[in-house]
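Data block below; observations after.
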Number of protein chains: 2
Amino acid sequence: MREVLARTAFQLFLERGFERTTVDDIVARAGVGRRSFFRYFPSKEDAVFPDHERCLADMTAFLAAVGDAEPVDAVCDAARLVLRMYSANPEFSVQRYRLTREVPGLRTYELSVVRRYEQTLAGYLRDRYGESGDGALRAEVIAASVVAAHNNGLRTWLRSGGEGDPEAAVDHALGLVRQVWGSAPAEGASPVAADGDVVVMVAAKGAPMWRVVQQIEAVIGQG
Amino acid sequence: MREVLARTAFQLFLERGFERTTVDDIVARAGVGRRSFFRYFPSKEDAVFPDHERCLADMTAFLAAVGDAEPVDAVCDAARLVLRMYSANPEFSVQRYRLTREVPGLRTYELSVVRRYEQTLAGYLRDRYGESGDGALRAEVIAASVVAAHNNGLRTWLRSGGEGDPEAAVDHALGLVRQVWGSAPAEGASPVAADGDVVVMVAAKGAPMWRVVQQIEAVIGQG
């Protein structure tokens, strides 16, 4: 019933526009009462994004179960759950992306959802980094970076009309975040390099930090 | 008139709550007609944040005039314009922060405003980095990082009730972003270090990137 209502609502939004479609229109076409609609969706906006609540719950469960993975990798993996929700249904995702661009109310709704994902990731990172020192600050900045990178990859794919490999676009974007914020040590390597390998790095004083990082990254092969 | 209306509106929001205050209540107390209110504010929410439009315009103008400053430093400086708007009126800012925490509609409004600041910063960085390669990706991730860091510092100050030095809190938070994303070369230094100084850095293979960056940062004294 929930899925039928979401599908019916979305069909009507495409046909008549979001603003001009009422909940009465939706339930009339679906052949149910208004109460059925509001049992599943608090608002018309929620019917456009029927899977985010489940995805947020999945993300929370994933992070609770992830164990002692490298924290930045853990939140990158958690963010990929969102991508997979979109890529599971490319046609719907692309149509919804176009609809959302046109309706300010849907854009605002989407911002609220994105913020909840970001807070879920930041909450996990705060627990991992601890509240002392810059733990909370680092958690919030990394969560925002991960969300921005993920959404850059996702949007690139949505804008292209769902062509190409969305996983590759998002992996590439998240790679930039992992590059500067940390990555899991290679399998079997301890943080002090069990095999004793070291990198000797020569950099000009005053070189922009991101260039230095890129150079190191190229040498030690992370990301 | 605009300022009187904003002040009257805010006083009523504090007295009666945001939801229970109507535009009619506001204009009645201010002694003007409804039209005057809507001439200055498209909605009740806008009256709670009367200075963001001006601040967004200031930010755009600042970035248009900033010249060839190091791009990450430029967006950090641009973000500080928002802080200064808040710190110019601590009591109002703290009261509004508390009100916003309680009213979902104001939180959503604030998210939209924050997004516009972020897009302003990202647009500037895209122009600086160019559209080719990862220019747009880097622009969006850095803009999100700057906004997250700025807001972390700002919120710390607002939560404390406006105690202490908000500039110091925000500078510290932005320092983390500048540390990983780049900073201006020291005065007079070219990107290849005019005085020939170099840093030799030894790091364990597999060390988390942020720790490597912290070490380098400590040595070359950026941030």
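Across peptide B:34-41, the average count of Cβ atoms from other chains found within 10 Å of a residue's Cβ is 0. Can you tell which of A:Val48, A:Ser36, A:Ser93 lies farthest toward the positive end of the dipole of the stretch A:1-119, using +1 and -1 charges on the Cβ of basic and acidic side chains (Lys, Arg; Asp, Glu)? About the Cα centre, the residue reaching furthest to the positive side is A:Ser36.
The distance separating the Cα centre of the stretch A:102-116 from that of the stretch B:116-184 comes to 22 Å.
In debye to the nearest 20, how big a dipole does the stretch A:51-182 give about its Cα centre with +1 on each Lys and Arg Cβ and -1 on each Asp and Glu Cβ? Each step should come with its number before you reach the end.
Numbers: 15 positive and 19 negative charges, 95 e Å.
In total the dipole reaches around 460 debye.
Sequentially through the stretch A:58-67, phi angles give Karplus couplings (6.51, -1.76, 1.60; θ = phi - 60°) of 4, 4, 4, 5, 4, 5, 5, 9, 6, x Hz, Gly and Pro residues having no value and appearing as x. Between A:Glu163 and A:Met1, the simple spin-label model (points 7 angstrom out along Cα→Cβ) gives 4.3 nm.
Give the average, rounded to an integer, of partner chain Cβ atoms located within 10 angstrom of each Cβ in B:175-182. Walk me through the intermediate numbers first.
Working: counts 2, 6, 4, 1, 2, 11, 6, 8.
Per residue, the number of nearby Cβ atoms from other chains is 5 on average.
In terms of the mean number of neighbouring beta-carbon atoms within 10 Å, the peptides A:141-149, B:5-13 order highest first as A:141-149, B:5-13. Along the stretch A:99-110 the Karplus relation, 6.51 cos²θ - 1.76 cosθ + 1.60 evaluated at θ = phi - 60°, assigns HN-Hα couplings of 4, 5, 4, 8, 10, x, x, 6, 5, 4, 4, 4 Hz to successive residues, with x for each Gly and Pro.
Counting, for every residue in B:129-141, the Cβ atoms of other protein chains within 10 Å of its Cβ and taking the mean gives 4.
Taken together, the values in this text are just the output of simple stated rules run on the coordinates, not laboratory data. Quick caveat: nothing in here was measured; it's all calculated off a predicted structure. Counting neighbours? That spans all protein chains shown, and the Cβs are built from the backbone with ideal geometry, glycine included.
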